[in-house]
Amino acid sequence: MKKCDKYFGEHKEVIDIKTPYWWTSSREFFSVDICIAAEVVDLISKGIRTMASCCGHGRLKPSIIVDTRKDAIKMKKMGYKLYPGFEWEKHAFILKSKCRRKGEKHG
């Protein structure tokens, strides 16, 4: 695994994670942006059925889409906020990972 570039999310580096049992894919692994990988793995370990995730690539907030209404309820109980205006708005959440966007400075 390589370190993220100057701005988290502004890279093409990913880490491969073992595909969860609920995915219907025949692939053994799936790729996740490095700067959000730990959070995605943590959510999967808590039983959240994830469908897609993105660090935002230095332009948007990091996000994740969960599979079912039940997963969305769990996410809200864990303090996650819905991603406003997102196509899958009832299942899209803003991740808590501290990926920076262009122009933001380390806090």
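The values are calculated or read from the model by the stated rules, or taken from the named source; none is laboratory data. Since the model is a prediction, treat every value here as computed from it, not as a measurement. All Cβ positions, glycine included, derive from the backbone under ideal geometry; neighbour counts span all protein chains shown.
In summary, Glu89 fulfils each of the numbered conditions (1) surrounded by 15 or more Cβ atoms within 10 Å (Cβ to Cβ); (2) outside any strand (DSSP E or B) with the single exception of condition (1).
Results for (1) among the β-branched types (Val, Ile, Thr); (2) part of a loop (DSSP other than H, G, I, E, B); (3) modelled with pLDDT under 85; (4) surrounded by fewer than 13 Cβ atoms within 10 Å (Cβ to Cβ), shown as yes or no for each residue.
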{"residue": "Ala37", "(1), (2), (3), (4)": "no, no, no, no"}
{"residue": "Val41", "(1), (2), (3), (4)": "yes, no, no, no"}
{"residue": "Ile44", "(1), (2), (3), (4)": "yes, no, no, no"}
{"residue": "Gly47", "(1), (2), (3), (4)": "no, yes, no, yes"}
{"residue": "His57", "(1), (2), (3), (4)": "no, yes, yes, no"}
{"residue": "Ile64", "(1), (2), (3), (4)": "yes, no, no, no"}
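For Gly9, the criteria (1) on the phi > 0 side of the Ramachandran plot; (2) modelled with pLDDT of 90 or more; (3) among the small types (Gly, Ala, Ser) hold in every case but one, which is (2).
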